[in-house]
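Let me begin by presenting the structure, written as structure tokens, before commenting on it.
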Amino acid sequence: MEKAVLSYNGKQYELPVFNGTENEKAVDITNLRKDSGLITLDVGYQNTGSCQSAITFIDGEKGILRYRGIPIEVLAEKSTFVETAYLLIYGHLPNLSERRLFSQRLTENSMIHEDMLRFFDGFPPTGHPMAVLSTMVNALSVYYPGYFTDNFESDTFDLMAVRLISKIRTIAAYSYKHSIGEPFVYPRHDLMYCANFLNMMFNSPVKPYNVEIDMDRALNTLLILHADHEQNCSTSTVRLVGSSMANLYSSICAGICALWGPLHGGANQRVIEMLETIREDGFTIKQCISMAKDKESRFKLFGFGHRIYKNFDPRATILKKMCHEFVAKYNIHEPLIDIAMDLENAALADQFFIDKKLYPNVDFYSGLLYRMLGIPTNMFTVMFAIGRLPGWIAQWKEMHDSRPLKIGRPRQLYIGDNIRDFVPIEQR
Ligand code: ACO
């Protein structure tokens, strides 16, 4: 095994170096503190590997993203969301009978317990759907208990996984119906995953809705592109919460909350709001670019920049193309797309963005596509959560499969006061 050598205080410490299958290398510092008294400091985990994983590979410099070895471009074109979910969780593409069984189990588990419908009455219709989603997903552990990690059994895990993947779309659609005051549309056994979701969202007693094939396909592609992204903020959250042996529902609930933030999945909502502000307030593209560069300004170019991608985000490339295909095919007049294109072109030509390697990320174009599907802006991050769910489940499973389970617990560099006297209140 290769070793790296750290020299400190006149002593040398040998640190094992692990190789990944794509020739990535990692220094193992597990025993560093024991041997040398040192810990590593890496605020925001910018260069820290938290696990070994066989699920998703990303090369940020080359713009490569693969699930279980299969390029994202191939999956986006040839697979469905359900098949990709299976691939992520079980490590291989399902054969016909595996896919049939998986789909059948999703169908059988699509309803939520009727008592849970009353929960929606407790939420104000204006409440953010991500808050509703995280609450309802955690509440599933009350209605569908049975799997806690101390009695890990794969059959029970399989059931938990299909329950979550199926019920999350029912919960999401019901939260939308509740917000607009329309009756819930129950899931149908004759519709596939994405078509079923669109039907639950948009069918209504007064205005029947037919799911168009292109809409179904676009939603499949969007969800596939969201399905996993190795150790990002929300996935690391799912792993960290799961590492304490918290159950799957609660771990996923925590992931949903982490995804909500505008620096992560919440950026897709912010992108559209930003484009709308630019249009409504009449900002020029030049003004936007200079505001984005000005750290004192409150303006941020959402949908730009990424911790890992330093050349291009392959998901954004696929979505940008899809956006244009939709506009051309359906003759859509969407002024926000023109603003987005102008903004992208101006940023890509600007030295600040070139130097900092800032490119459009997945969220820059996903919101525009969700908008064309008729999804309301405050539901965009919910859509991201539905898509990311199989990845979270796969990562949670991988962590539990690789025994011994180690609780996640980083260290810190304490920079506070040294020991101080307690001063009674009358003497302060
Ligand atoms: N607009 C303007 N400047 C930016 C942007 C941006 N969108 N993104 C990064 N920068 C600048 C930073 O100010 C920083 O400048 P500095 O070196 O002078 O301090 C430099 O580029 C590096 O950026 P960091 O924020 O330090 O990079 P980090 O890897 O920590 O953050 C992040 C990545 C959070 C995605 C960041 O680029 C960002 O805030 N982007 C906008 C929000 C967004 O689109 N998030 C979605 C990401 S994709 C996803 O999670 C699904």
Taking region 395-418 and keeping only residues that are assigned to a helix (DSSP H, G or I) and either over 25 Å from the mean Cα position of the chain (by Cα) or not polar (S, T, N, Q) (or both), one is left with Trp396, Lys397, Glu398, Met399, His400, Asp401
Pairs, first on the phi > 0 side of the Ramachandran plot in region 351-365, second more than 8 Å from the ligand (Cβ to nearest atom), C-beta under 6 Å, six or more apart: Lys357/Lys310
What helices (runs of 4 or more DSSP H) lie completely within region 80-185 and have 1 or more residues being farther than 23 Å from Leu219 by Cβ and modelled with pLDDT of 95 or more? 96-108, 117-121, 129-143
If a residue must be of a type in the set (Gly, Ala, Ser) and either without any contact (Cβ under 8 Å) to a residue 60 or more places away in the chain or in contact with a Lys or Arg (Cβ under 9 Å, 6 or more places away or on another chain) (or both), how many such residues does region 395-427 contain? 2
Among Ser79, Ser53, which is closer than 30 Å to Phe197 by Cα, away from the ligand (no atom under 16 Å from the Cβ) and touching a residue at least 60 places away in the same chain (Cβ under 8 Å)? Ser79
What number of residues within region 348-358 satisfy the criterion of being part of a helix (DSSP H, G or I) and within 11 Å of the ligand (Cβ to nearest atom)? 3
Checking the condition out of contact with any His (no Cβ under 7 Å at 6 or more places or on another chain) and at pLDDT below 95, which residue from Ala254, Ala246, Ala227, Ala218 passes? Ala246
With outside the structural domain of Leu219 (by TED's automatic domain parsing) and in contact with a His (Cβ under 7 Å, 6 or more places away or on another chain) as the only criterion, which of Asp281, Asp294, Asp338, Asp313 stands out? Asp313
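Among the candidates Tyr193, Tyr186, Tyr144, which residue alone is farther than 24 Å from Glu83 by Cα and not hydrophobic (A, V, I, L, M, F, W, C)?
Of the residues listed, the single one that is farther than 24 Å from Glu83 by Cα and not hydrophobic (A, V, I, L, M, F, W, C) is Tyr144.
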Suppose the filter is under 21 Å from Gln351 (Cβ atoms) and either touching a Ser or Thr at 6+ places or on another chain (Cβ under 8 Å) or more than 10 Å from the ligand (Cβ to nearest atom) (or both); does Asn331 pass it? no
Can you find even one residue in region 337-347 that is farther than 18 Å from Val271 by Cβ and either touching a residue at least 60 places away in the same chain (Cβ under 8 Å) or more than 9 Å from the ligand (Cβ to nearest atom) (or both)? no
Within region 372-387, restricting attention to residues that are of a type in the set (S, T, N, Q) and more than 12 Å from the chain's Cα centre (by Cα), which residue is surrounded by the most Cβ atoms within 10 Å (Cβ to Cβ)? Asn378
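The values are calculated or read from the model by the stated rules, or taken from the named source; none is laboratory data. These numbers were taken from a predicted model, which means no experiment stands behind them. So basically every Cβ, Gly included, is an ideal-geometry build from the backbone, and we count neighbours across all protein chains shown.
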